[in-house]
Ligand code: NZQ
Ligand code: ZN
């Protein structure tokens with residue numbers, strides 16, 4: 001096992017009705033920016049519950065955070081916070097709203113917030129954030145990451161800082177009853193691929209971390225068909241919600257190598273073609289595993305055995321079978337796995353994505369740093 005530092009200070013309030021406890025963790029004198037997206041929070045009860053939890057505190061609303069949150073919109077929110085002298089952010093929504101909250105929280109103190117994304121400027125401090133999560137997918141509710149898009153420049157860039165860990169996050173599965181099927185599917189697939197990026201590298205004798213990873217994958221696999229059949233299945237929602245948070249809160253990454261290349265390539269597909277984050281991952285992940293199989297074979301075979309029930313002795317065949325089963329899992333939950341399914345030409349995409357990754361200086365990728373522009377093209381041409 002490799003050495004690591006683990007720190008996760010986000011307090012989780014999990015379960016039905018838990019928003020009522022949120023007020024205890026927000027300073028009585030906080031002046032709060034209430035941040036949300038396109039309005040779904042008005043229909044699922046999250047906005048009403050969160051506002052009630054604020055009680056008499058001063059609060060100002062800012063709606064309209066886009067899926068794949070836009071830099072320009074975040075800048076408007078920073079301006080509003082300064083004008084209204086606000087000092088706390090309550091994010092109500094999915095990963096996009098929470099990611100926007102993180103960028104606003106850090107950008108508030110920076111002369112040029114864009115430098116956080118483009119130049120990796122160090123974040124010295126950030127405003128405190130509380131979250132009411134309405135879509136389980138990204139793990140943003142208790143992690144250090146944020147992904148912000150700047151559409152005019154065809155850019156989707158991430159940053160990470162411990163300063164933007166939410167102070168407290170409410171995880172109430174009931175708010176997810178209103179999710180469109182597409183978003184429920186996206187959430188399952190995104191969470192699944194988060195685990196793959198931390199688990200499918202090479203063995204470092206980490207049976208505990210591998211066991212955590214496999215338990216999350218197996219739970220998602222078990223609960224996905226239930227929630228797709230019965231979107232109001234509260235137990236299945238709760239199990240998926242917890243799996244999704246644990247998939248990317250730092251825990252399963254402790255002491256093991258990581259490979260975020262599926263995400264890096266996927267982010268470019270979203271930036272260029274506008275497909276959903278999880279849709280991009282379902283296309284890239286199986287292709288990347290095929291191309292990188294020589295490096296990842298032992299772990300792919302392990303996943304085959306412990307998650308997909310593959311018993312084939314020959315390692316090459318077992319790995320192939322496992323990748324086919326992963327693809328089938330994606331197809332079965334209802335997500336597409338080919339660029340052509342979205343009317344995207346793979347030759348054009350391979351070129352555009354690799355060029356963009358070169359432009360933003362994001363290469364090489366992979367746990368062995370072996371994925372260069374040529375290999376990115378090879379993956380997308382599969
Ligand atoms: O905008 P509203 O009206 O809220 O509607 C949203 C949005 O249209 C809707 N929605 C959310 N909760 C709902 C609901 N509709 C009905 N009922 C509910 N309960 O769902 C749509 C998508 O929401 P969004 O927040 O964009 O989805 P998601 O949580 O998948 O977040 C995606 C963003 O997170 C980034 C992605 O790149 C993308 O920008 N990621 C962030 C990560 C992180 N911070 O750690 C890691 C991820 O890998 C990912 O990159
Ligand atoms: Zn993701």
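The values are calculated or read from the model by the stated rules, or taken from the named source; none is laboratory data. Predicted model, so just to flag it, every value in this text is computed and none were measured. Because the Cβ atoms are built from the backbone with ideal geometry, glycine has one as well, and the counts that use them run over all protein chains shown.
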Among the candidates 325, 313, 382, 320, residue that is farther than 28 Å from residue 228 by Cβ and at pLDDT 95 or above: 313
Which numbered condition residue 265 misses (of (1) in contact (Cβ under 8 Å) with a residue 24 or more places away in the chain; (2) within 18 Å of residue 367 (Cβ to Cβ); (3) more than 13 Å from ligand 2 (Cβ to nearest atom); (4) in contact with a helix residue (DSSP H, G or I) (Cβ under 7 Å, 6 or more places away or on another chain)): (3)
Failed condition for residue 270, given (1) more than 19 Å from residue 94 (Cα to Cα); (2) buried (at least 18 other Cβ atoms within 10 Å of the Cβ): (1)
Identity of the residue in the range 31-46, assigned to a helix (DSSP H, G or I) and touching a strand residue (DSSP E or B) at 6+ places or on another chain (Cβ under 6 Å), that ends up farthest from residue 173 (Cα to Cα): 41
Check on residue 222, without any contact (Cβ under 8 Å) to a residue 24 or more places away in the chain and surrounded by fewer than 22 Cβ atoms within 10 Å (Cβ to Cβ): yes
Residue in the range 74-99 that is nearest to ligand 2 (Cβ to nearest atom), counting only those that are buried (at least 17 other Cβ atoms within 10 Å of the Cβ) and farther than 26 Å from residue 29 by Cβ: 95
So residue 252, is it away from ligand 1 (no atom under 12 Å from the Cβ), closer than 21 Å to residue 140 by Cα and in a helix (DSSP H, G or I): no
Odd one out for residue 213 among (1) away from ligand 2 (no atom under 13 Å from the Cβ); (2) within 24 Å of residue 50 (Cα to Cα); (3) in a helix (DSSP H, G or I): (2)
